[in-house]
Each structure stands twice: as structure tokens, then as C-alpha cells.
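The values are calculated or read from the model by the stated rules, or taken from the named source; none is laboratory data. Computed from a predicted model, the values in this text were never measured in an experiment. FYI the Cβ positions are ideal-geometry reconstructions off the backbone, even for glycines, and counts take in every protein chain you see. When the accessible area is computed, the model is the full protein with side chains, heavy atoms only, and any ligands, DNA or RNA have been set aside. Shrake-Rupley method; radii C 1.70, N 1.55, O 1.52, S 1.80 Å.
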Amino acid sequence: MELPKYKIALIVGVGEGLSASLARLFAREGIKVALAARKIEKLGALCTETGARAFACNATEAEEVERLFGMVEREIGTPDLVVYNASGRARGAFTDLVPAEVANAIAVSAFGGFLVAQQAATRMLPNKHGAILFTGASASVKGYPQSAPFAMGKFALRGLAQSMARELSPQGIHVAHFVIDGGIRSAARTEPADRPDSMLDPDAIALSYWNVLQQPRSAWTWEVELRPWVERF
């Protein structure tokens, strides 16, 4: 039973949490890594640690996304593993929401995912090999008060992933969506001492992404829900 092998990963929407954990894991597994974010000034240390290259890109702009893939191809190679981690938020009472801010939040969470996935799939289909992973949230399946734009964007991203999985899986492209149902631990945000492991460890999340990537095609999943052991469903 042959397991899939990936050579070049592109992570879009990189920050200091889950994306950094994924970059470290991929690099340890011998995968060349490209990182994309609107602002890449803070990615220097991560690039040094992982050997990754950083590229500035606004994922909501089609021309910038196309240019991103072109630069990655020229400088590293064609990515056969693409992760979309970007999210947009606009919080507030529903009647107070600013339409332009809502449109931007949806564009970052969902439309950017479409643009990145389309460029990725176009390059993967000729070889009938590749993986496209989307990072969702509790809001992918639950709309919370004063968080309508985030729910709209994440619901749309989930629908995109499901539609893509049904269309592209038979053509050799593994598409998966991850519902991160809970807060992610970070240096600035940790759980209280009396509630150990009540937040998701980004390294543990990354390991679940890797486990999905190693699935034989006879038993692929398109969605995984992850939550701390004490999180309510």
C-alpha cells in the first residue's frame, strides 16, 4: 500500500501559531516550504528555523495569488501540498456591522481560499497528485452571536472544500477541511492552571494534518473535527 509523498508545501495566511507548527513539521519531514502572508516581516525567524522562503501576498486578489504561485514555482518548485489558513473577522452587533468590513472578512476567509485552491488544483491535476487543506473553525458549523461575518466566511470555505473534494478526489487530489473547534494555545494565550490541555496545542493540530496527508487513497477523509477533551460539542 503506497503512501502519498509530498515535496513542496505552500502555506497561505501564515502567522505564529498553527502555520508555524505546520511549517516546522513539513520541514522535519523533508518537504520544502513556502510561506505566504500579507506582511512577511515577522516570518524571518521561522524561515531561518525551517529553511522556508517567505512571499508577500494578499490572498483576496486574483493577480497576486497567480503571481505568488509563479514566484514559488520559479524559486522553489511547483507545490504539491497547499494549506489555506487565512481568516477574516468583523465582530459586532448585527445591525452595527459595516458592509465593507463584512465583505472583506468573507473575502479573506472564503474567496481567498477559492483563489489559492484554483491555482493549486490547476497545477496538480496534470500529475493527478496533490493535497489541498483548508483550516476551518467552530464557526464553520456554528454561527455565534456578533460573529456573523466569520460564520459566513467559514461556512462558505467548508462548502468549497466539500465541493472540491467530490470533484477532485477521483482525479487524485486529496482535499480536506479541518474544523478547529476551540481556542488554540499560544505564547500570549494559555489555559488556566486548573484546566490543563483545555486549549488546542498547535503542534498537536499539525500532527492531525500530517496524519490526514498520510492516508492511503482507499480511505481518504474530507473533514476532521478537532477539539480539546473538555470542549463542549
Accessible area of the chain divided out per residue, in Å², using a probe of 1.4 angstrom: 51 Å²
Whole-percent carbon and sulfur share, accessible surface of region 35-159, 1.4 Å: 54 percent
Backbone N within region 41-60 under 20 Å of label point (7 Å from LYS7 Cα along the Cβ vector): 51-54
DSSP-loop trypsin sites (Lys or Arg not before Pro) across region 173-233, with at most 16 other Cβ within 10 angstrom: ARG232
Pair ALA193, ARG91: separation of 7 Å Cα→Cβ label points (nm): 2.7 nm
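Where Rh denotes the Kirkwood radius from the mean inverse Cα pair distance, what is Rg over Rh for region 8-226?
Result for region 8-226 is an Rg/Rh of 0.95.
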Counting DSSP beta bridges with both ends in region 8-226, the antiparallel % (nearest 5): 5 percent
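Given a Förster distance of 35 angstrom, what is the FRET efficiency for GLN171 paired with MET71, based on the Cβ-Cβ distance and rounded to 0.05? Please report the intermediate quantities before stating the final value.
Working: r = 26 Å, r/R0 = 0.74.
For GLN171 and MET71, the calculated efficiency is 0.85.
Relative contact order for the chain using alpha-carbon pairs under 8 Å, separation at least 6, rounded to a whole percent?
The value is 19 percent.
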Extended-chain gain in nm, criterion 0.36 nm per residue less alpha-carbon gap, GLU61 and GLU16: 13.9 nm
Calculated [θ] (222 nm, deg cm²/dmol) that DSSP helices of n ≥ 4 give over the chain, each run adding -39,500 (n - 2.57): -11500 deg cm²/dmol
5 angstrom amide H check on GLY130, placed H, neighbours 5+ away: HIS174
Reach of LYS42 by Cα under 13 Å, taken over aspartates and glutamates that are not fewer than 8 positions away in the same chain: GLU16
Region 81-95-region 3-18 distance, computed between alpha-carbon centres (Å): 19 Å
Full-stretch length increase - ARG232, VAL98 - with 0.36 nm per residue and alpha-carbon distance subtracted: 45.1 nm
